[in-house]
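Here is the structure we will look at, set down as structure tokens.
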Amino acid sequence: MRTSLMIAAALLFASPAMSQSVSNVAPWDQPFLPPAPEWNGASRDLLRDASDPWVTAFEADADHDFSPNYVDTRAWFDRLDAASDLIRIEQFGVSPEGRPIYAVIASKDGATFDPSKPVLLAQAGIHPGEIDGKDAGMMLLRDIAFYGKDDLLDRVNLILIPILSVDGHERASAYSRPNQRGPRIQGWRNTATNQNLNRDYLKLDQPEMRAVRGLIVKYRPDLYVDIHVTDGMDYQYDVTYGYNGEDGVYSRSPATAQWLDDAFKPAMNVALEGRGHIPGELVFGVDDQNPRAGLNDGGLGERFSNGWGSAAHVPTILIENHSLKPHQQRVLGTYVFLEQAMKLLATDGADLRAAAQADSALRPTEIPANFVSDQQPTATRAFKGITYETYDSPASGRREIRWLGQPDPQVWQMPFYSSHPTLTLRRPEAYWVPSYRTDIIERLRVHGVTMETLDAPRTVPVEMLRLEDPRLATRANEGHVQITVAQVTPQRRDWTFPTGSVRVPTDQPLGDIVVLLLEPQSSESFFAWGMFPEVLSRVEYIEGYAIAPLAERMMAADPALKAEFEAKVAAEPDFAANGDARLQWFYERTPFYDDRYRLYPVAREN
């Protein structure tokens, strides 16, 4: 069946043009996609003619539906670097397949940034098929270098990561993203190790994410822009963007969210609209079969860039350009966004920096975690929709959506669902991580977390956590088998930590990150990602012929224990009928029982 489908697809899309050179290929516009509304935005004047010596491959393509491969992109940037004193390239990592990961830096400061200047870090290609930011960044850097926009660097420095997931970028074909209109050759969503980098901001599994975290620690950007392209429903907006805390909802960085609400968003929307684009807030539909059922906030998890940025107090904006708009429209909207972001940082960057510093000083005693969507809407959002109809599909056997490509003249009033925490974590003074967990210590170090490393063994009074009924997931996720634990039982211990162990204080700007990573009940924790499976393994056992008489002696010697056991038997019929469970209950109360079974090895200091 799969073979016949692939043959049918090849016949459907094959044409003589597909065998011609790239520059002559007509746009491959998937005929099954909804029609795109006509667009003739003023930002088209940013395009340079194909005869220009600094034209990009995107601009040179007759249909502006092409994005160059890794080698050609790097060659173009190398040429720009050689020709302009304002541009330099910095390698900051290597991919699993051995490709350099690099940033292109635009500055008038030379090798060392003026610390008084705000820094904009724009990242493209974390999902390589969603590559608008690369093509927009090439155009903007070219215009800064040669076409009169160097004044943007008078008060701001720009760092562009043109391709973060470089291996995924090179797993390119015309069949990568069927729900996206261009470019006609697109990279693959995941990395060479089949990982989604936009799920790795906290656990830091992948070399790409560890590299970008090191770049952030080095340059400490005042604004971090993560550029994506959407999936999902049709609508009028071409550039949607958002951040945790938008419109006054909860944020771990409330001052930053307030600045983005009050200063950034209004000015950005005016700039985009003035150049012929339709900006909007991030769109996440709640029902694929009913577009008007409502929207939600997409979740606030720290595994994503915007959630991590809120917890790390790095002002972070997630751009989601609309996948059903042509590549040209999306790229030019991204150009306008990046240029306007630089202008805003030049005028208001000091206020943003002050807001981020205020957020970094916060030390909440309670940290909400494990957010889920509300069951009832919390607001109504005005929404610019696209007309649609439904029809009976012989393929699905149900009613399906057919988008008609025309702006709906009526503004939709959409229910909006926020998120709420299902867990509240208490902030301890510090955590202790044993030296043998070098992997955990290294991940914390890459995050930029401040730690004290022991140069000699130290015995300290701590709170250890006994994990009650941990559950393993039934399938893998992002290379891990996740584990959930609904309850932990604190136990006071004097514990000796060997040389090389670390004390991790929470009185630091990344303190919230520390709590979210090291509390086992947190859905973003190292434990939840399955990185402490050893504590779930029992080592010693006892046979029934030994524990049964021992249990009988225990009851005879301890009336209170006997009463507790009999109460459990009376209250729990399943337990009463399970001889192994009954004997296990006694075994757990003997000194023979493995004291470290389900004992989480990271300790709290209160």
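Here are some notes:
- For the stretch 290-301, putting each phi into the Karplus relation 6.51 cos²θ - 1.76 cosθ + 1.60 with θ = phi - 60° gives couplings of 9, x, 9, 5, x, 10, 10, 7, x, x, 10, x Hz, in residue order, rounded to whole numbers and with x for Gly and Pro.
- Among 296-305, 486-495, 390-399, sorting by the average number of other beta carbon atoms lying within 10 angstrom of each residue, highest first, gives 296-305, 486-495, 390-399.
- The spacing between the stretch 242-257 and the stretch 580-600, judged by their C-alpha centroids, is 46 Å.
- Stretch gain in nm, segment Asn606-Asp392, where the contour uses 0.36 nm per residue and the Cα spacing is subtracted: 70.9 nm
- With each label modelled as a point 7 angstrom along the Cα→C-beta vector, the Ala473-Thr590 pair spans 3.8 nm.
- Asp150/Glu540 FRET efficiency (R0 45 Å; Cβ-Cβ; nearest 0.05): 0.05
- Inter-site label distance for Arg426 and Thr378 at 7 Å from Cα along Cβ, in nm: 2.6 nm
- Accessible area per residue for the chain, computed on protein heavy atoms with a 1.4 Å probe, is 43 Å².
- Accessible area in the full protein assembly, largest first, 1.4 Å probe, for Thr347, Thr230: Thr347, Thr230
- Extension gain from Tyr436 to Arg363, taking 0.36 nm per residue of separation minus the Cα-Cα distance: 23.4 nm
- FRET E, pair Thr193, Gln30, Förster distance 41 Å, beta-carbon r, rounded to 0.05: 0.90
- Within the chain, percent of DSSP bridges classed antiparallel, to nearest 5: 75 percent
- As a fraction of the 1.4 Å probe accessible area of the chain, surface on carbon and sulfur atoms comes out at 52 percent.
- Of Val462, Val539, the residue with the largest accessible area leads and the full order is Val539, Val462 (1.4 Å probe).
- Across the cross-link table entries Lys343/Lys384; Lys134/Lys384; Lys117/Lys343; Lys203/Lys343; Lys149/Lys325, which are compared at the Cα atoms, the separations over 23 Å belong to Lys343/Lys384; Lys134/Lys384; Lys203/Lys343; Lys149/Lys325.
- Residue-wise HN-Hα coupling along the stretch 426-442, computed from phi with Karplus coefficients 6.51, -1.76, 1.60 (Hz; x: Gly, Pro): 8, 7, x, 5, 6, 10, 10, 10, x, 4, 5, 8, 4, 5, 5, 4, 5
- FRET efficiency, Ala548 to Lys218 (Cβ-Cβ, R0 45 Å, nearest 0.05): 0.10
- Taking all protein chains together, Lys108, Lys568 sort by accessible area into Lys108, Lys568, largest first [probe 1.4 Å].
- In this label model, Ala571 and Gln413 are separated by 5.1 nm, measuring between points 7 Å along each Cα→Cβ vector.
- Hz values of 3J(HN,Hα) by residue in the stretch 489-499 - Karplus curve (6.51, -1.76, 1.60), Gly and Pro given as x: 10, x, 9, 6, 9, 9, 10, 9, 9, x, 3
- Gained length - Asp287 relative to Ile89, 0.36 nm times residue gap less alpha-carbon distance: 66.9 nm
- Helical contribution to [θ] at 222 nm, DSSP H n ≥ 4, -39,500 (n - 2.57), averaged over the chain, rounded to 500: -9000 deg cm²/dmol
- (i) 36; (ii) 32; (iii) 21, with the label sought being that of the calculated percent of Cα pairs over 40 Å apart: (i)
The values are calculated or read from the model by the stated rules, or taken from the named source; none is laboratory data. For clarity, every value in this text was computed on a predicted model and none was experimentally measured. Don't worry about glycine lacking a Cβ; one is built from the backbone with ideal geometry, like all the others, and counts go over all protein chains shown. Areas reflect the complete protein model, heavy atoms only, side chains present, ligands, DNA and RNA absent. Shrake-Rupley method; radii C 1.70, N 1.55, O 1.52, S 1.80 Å.
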